[in-house]
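Here's the structure, in structure tokens; my notes come after.
The values are calculated or read from the model by the stated rules, or taken from the named source; none is laboratory data. All figures in this text were calculated on a predicted structure; none of them were measured in a lab. Here Cβ is always computed from backbone atoms with ideal geometry, including for glycine, and neighbour counts include all displayed protein chains. Only protein heavy atoms, including side chains, enter the accessible area calculation; ligands, DNA and RNA are left aside. Shrake-Rupley method; radii C 1.70, N 1.55, O 1.52, S 1.80 Å.
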Amino acid sequence: MWAGLRRRIGLGAMVVGALLAVGCSSTVDGTATAAGGTTTTTATTAANQVGTDGGGDVDIDVEIGECVRLGGTMDAATISEASCGSADSNYRVIAKAEKNAQCPSDADQVYYEESALGRELGALCLDIDWVIGGCMSVPDGGDDEPQRVDCADTHVPGVERAVDLIEGATDVEQCTEGGFVYSEREFVVCTEQVRPL
């Protein structure tokens, strides 16, 4: 069966703030450890970030909580499995749905497949695969997708370092510099700008 592979742009609202950070909490999924045994970064997921499997059928076999690499264009998307927190991963699957409109309104991205007649077959609801202490190059729209980058790479524009995840928040007032707001699911990923776009 032929399926159109599409994606819907919806990067979480990035808001810049300049207030002091207050008590924060996050749920830790795992810790990436350097070869020498030094902890370098921590992958995080907010408790209410992970949704449900609402059905639908897409060709890639991934579960909620697993990660993918999304690329291509809006009308000819490419997607493959990737290890969360790895250089290849740019999104985490937060929910599955029969139609892309059933994904949370604040999801960063949606990948969905259509039949030859344009009927949606299924959708993956996606958030950026943030890693606390790690950097992502976050585009300003278009067909570009976030990419995990080395924080010290001076050739990459639009770099944000994730510094904290605050649950129960709907604005960046608790972040020191700014962040990405997920208002429907009530959490914020606080970031600091390493390099502007």
Restricting to segment 97-111, what's the tally of residues that are open to solvent by 30 Å² or more (accessible area, probe 1.4 Å), in contact (Cβ under 8 Å) with a residue 12 or more places away in the chain and not charged (D, E, K, R)? 2
Filter pass, Thr52 being within 25 Å of Gly141 (Cβ to Cβ), open to solvent by 30 Å² or more (accessible area, probe 1.4 Å) and not small (Gly, Ala, Ser): no
Among the residues of segment 30-37, is there at least one that is modelled with pLDDT under 50, over 22 Å from Glu114 (Cα atoms) and of a type in the set (Ser, Thr, Tyr)? yes
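From the residues in segment 143-190 that are part of a strand (DSSP E or B) and among the basic types (Lys, Arg), which one is nearest to Asp129 (Cα to Cα)?
My answer is Arg148.
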Any idea which residue in segment 151-173 is farthest from the chain's Cα centre (by Cα), counting only those that are open to solvent by 50 Å² or more (accessible area, probe 1.4 Å) and farther than 12 Å from Arg195 by Cα? Glu173
